[in-house]
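Chemist: Below you will find the structure I want to go over with you.
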Amino acid sequence: MPEIALYRFNDNVKVNYTGRRVVLPSQYAADCETHWRSLMKAGRKHFRGDVFTISEEVIGSDGIVLSAELTDYAHFIYTIHRRSFGRYGCRIIYASTLIVTSDGKFVIGIMGKDTFAPGKLQLVGGGVDQGDIAGHQIDLNRCIKKEIAEEVGIDVGNTSVVKSFEPYLLKTGGPSNFYSAIFKLDLTADENGLSLLYERHVQNLMRQGKSPEFSSLLFVPADAGSVDGLVTFNQREKDENLIPALKAAIGLYPVKTLAENNGRL
């Protein structure tokens, strides 16, 4: 299993859409289908939408070019639930945001009951979809702006709430070896201000008959003791990028450049 690694992320990651749909071996595809039907029978409320899986990666000292093919949510959720991270597993790139409030709190979401991982702790963000394709490229910037608006109700262009927004880290490795493009969003709002904004956002979603992605938000002070406490005392499942990203932000996790690593991950 490759170790989780973090790299500087700016304009050095390109994701191309091949226009092809992935072809799975018949038995593997049947296993995905059986798993999906079992979830539906158990009353899970998942939508079988499009998902993009990485089919090729070209890594150089100054950048990474990924190629992605189309698959679906049944393939993705089978990969996650059965930890099928091998040759035929769905390997995604997704966008995340390290949100920091004006009073120095990291913002973490607790996944809701109708998501693929209820109770899981993760940064605000999500997978790319068809709307993130521009020409033959997948636009990670557009993806994360959409996810921030949908999940916490923040428009990153709103300077009354947002202090700064920029690409930050690229995560790879870990059990899944998923890629995570992590952006950093610094707010002018403190914990109380964001909590009020988020509460209004959730109420608006519910009026539209939509379920929020998160059951609630968790605020963690941006210091070593608090992050260590999250690791030690909070037993919820955590996204692979969560703790490395938090630790990197306070100088406790190494962040490399591709040049330093001779273009190898």
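Chemist: Considering only THR79, THR159, THR71, give the residue with the highest GNM mean-square fluctuation for the chain, with springs between Cα atoms whenever their separation is below 10 Å.
Modeler: Result for the chain, Cα springs under 10 Å: THR159 fluctuates most.
Chemist: Which value results for Rg/Rh of the chain when Rg is the Cα radius of gyration and Rh the Kirkwood radius based on the inverse mean 1/r?
Modeler: 0.95
Chemist: What ranking do 104-110, 35-41 get when scored by the average of other Cβ atoms within 10 Å per residue, highest first? The partial results should precede the final answer.
Modeler: On the way: 104-110: 21.0, 35-41: 13.7.
Ranked from most to least packed, the peptides come out as 104-110, 35-41.
Chemist: Taking amide H positions as placed in the peptide plane 1.01 Å from N, state which residues far from VAL124 in sequence (5 or more) or on other chains have amide H under 5 Å from it.
Modeler: For VAL124, whose amide H was placed from the backbone, the distant partners under 5 Å are THR97, ILE99, GLY109.
Chemist: Based only on the alpha carbon positions, what is the Kirkwood hydrodynamic radius of the range 1-97, in angstrom? It would help to have the intermediate numbers written out before the result.
Modeler: Numbers: mean 1/r = 0.0668 Å⁻¹.
The answer is 15.0 Å.
Chemist: So, in Å, what gap is there between the alpha-carbon centers of the range 166-242 and the range 26-57?
Modeler: Centre-to-centre distance over Cα atoms comes out at 26 Å.
Chemist: Using bins 10 angstrom wide from zero, how does P(r) for the range 94-184 break down, in % of all Cα pairs?
Modeler: 15, 47, 32, 5, 0
Chemist: Of LYS113/LYS238; LYS145/LYS210; LYS14/LYS171; LYS14/LYS238; LYS105/LYS184; LYS14/LYS256, which pairs sit farther than 22 Å apart, going by alpha carbon to alpha carbon?
Modeler: Details: LYS113/LYS238 15 Å; LYS145/LYS210 19 Å; LYS14/LYS171 14 Å; LYS14/LYS238 27 Å; LYS105/LYS184 13 Å; LYS14/LYS256 18 Å.
Going by Cα-Cα distance, LYS14/LYS238 fall outside the 22 Å limit.
Chemist: Calculated from DSSP H runs of 4 or more alone, at -39500 (n - 2.57) each and per residue, what is the 222 nm mean residue ellipticity of the chain, nearest 500?
Modeler: Details: 6 runs with 73 residues, N = 265.
Only helices count here, giving -8500 deg cm²/dmol.
Chemist: About the Cα centre, and with charges only on the beta carbon of Lys, Arg (+1) and Asp, Glu (-1), how big is the dipole of the chain? Nearest 20 debye, please.
Modeler: Numbers: 30 positive and 31 negative charges, 150 e Å.
The calculated dipole for the chain is roughly 720 debye.
None of the figures in this text is laboratory data; all of them are computed from the coordinates on show. Predicted model only: the values in this text are computed from it and were never measured. Cβ sites come from the backbone with ideal geometry, for glycine too, and all protein chains shown count toward neighbours.
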